[in-house]
Every structure is written in structure tokens, then in C-alpha cells.
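Following: one structure in C-alpha cells, then a few remarks.
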Amino acid sequence: MKVIAASEIHGRAATSDKQLKAALSQWLDSPPRRIDRLIFQALLGAAALKAQVRSDCGLYLASRHPARPTMGALLDAVCVQHKQPKPFEFVNSVSNAAGFHVAQQLGLEGPNLFIGAGPRVWPQLQTLAGLDLQDGLIGQALLLLVEESKDFRVQAVLLEGDEPGAPAADFTALTAGIEVRRLDL
């Protein structure tokens, strides 16, 4: 597999959803409405590579946590207040909601997977994508990692080719030798 494009976005915890939407509008004409922070972040990472992405691309997205404010509001409504969740909270609490919006905005027709990010997430993402590339299910693979504790970071890599190889240990190793599009918010 060959890396053909990559992006890395860093932002502060204080970056508002409005600021994320403004940054996203530089790549997308009409960003979706009623989305949460995880979706904004995933869209930002993917949209930075939009010009190189084809429709026969698979999406492999990882994050340690769902959008915390969304999940917190959902759990509070259901478990504490014993109410029905709001539609926004319920729909966006599904882990693959971020992948759905990325695929929709970029016109992706390949597989769309979301996995929980652990310490070896990059080799896992590459292995999943590599299997689909080798089987000819897709012509490209978009790997995305969204990390947020206090500040946030989104890393995206676009791969092509069906040649198997040893997976890189991390984003830095995977993108060595190529230009990474960077954005600081």
C-alpha cells in the first residue's frame, strides 16, 4: 500500500463547534447540520484530502471515545432523568454516525468501519484497509484517527495499492517522506 495524501489537524479544547464548522467550510460547500464534535473533527480530517479521494474508497475510522458531550447528554436523559433521548443525541451516539457523514460528504461507496482506538490503532487500521484493497473491494482506503482528551488531534491518511506490506507503527512512520497537510485551530 502506498500513502498518497495525509492530513493532521490540531485544536484546543476551547475550539468551539462554530469554529470547527467555519474551518470545515473551506473544504465543503454545505457541511451537514446537527452534528456533534466527533463528526466535525472526522469531517475536518477527511475533507482536507477530498481532492484526492475517489468514490471507490473505503473508510476506516477510529476514536477512543464517542463525542463525550453527546454521550453524556444521552446517558443523563435515559439513566438519570428516565426520559427518551433527543433524536440528535440518539442518532449521533451511534459510533458509525461520524463515518456516515464522512462517506456522505465525500461520496464514498466502499466499506465504512468504526473501531475503538487502542494503543496500536494504526497497524489495525492498515490491516483492515489492506485486506479490502487486496481483495479488490476498493481502490483507495481513507484511514482516520480522532483523538480528544483536553485538546484534539485528527490524523488522516489516504492509501492506494494492493501490495501487502508490514504496517507502520504510527502516523509519523506511515507518513514519512510525504507532505502532510496541517491545520492548527
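The values are calculated or read from the model by the stated rules, or taken from the named source; none is laboratory data. As the structure is a prediction and not an experimental result, all values here were calculated from the model. Cβ coordinates were reconstructed from backbone atoms using ideal geometry, including for glycine residues, and neighbour counts include every protein chain displayed. Accessible surface is based on the protein model in full, side chains and every heavy atom, while ligands, DNA and RNA are left aside. Shrake-Rupley method; radii C 1.70, N 1.55, O 1.52, S 1.80 Å.
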Count of residues meeting criterion [among the β-branched types (Val, Ile, Thr) and open to solvent by less than 10 Å² (accessible area, probe 1.4 Å)] in the stretch 4-25: 2
Which members of the stretch 29-76 meet the condition of being at pLDDT 80 or above, out of contact with any strand residue (DSSP E or B) (no Cβ under 7 Å at 6 or more places or on another chain) and among the charged types (D, E, K, R)? Asp29, Asp36, Arg37, Lys50
Can you tell me which residues in the stretch 106-134 are aliphatic (A, V, I, L, M) and open to solvent by 50 Å² or more (accessible area, probe 1.4 Å)? Leu113, Leu128, Leu131
Every listed condition ((1) open to solvent by 40 Å² or more (accessible area, probe 1.4 Å); (2) farther than 24 Å from Arg34 by Cβ; (3) at pLDDT below 95) holds for Cys79 save (2)
Some residue of the stretch 35-42 being part of a loop (DSSP other than H, G, I, E, B) and of a type in the set (Gly, Ala, Ser): no
Could you check the stretch 132-169 and list, in sequence order, the residues that are part of a strand (DSSP E or B) and farther than 30 Å from Ser16 by Cβ? Gln140, Ala141, Leu159, Glu160
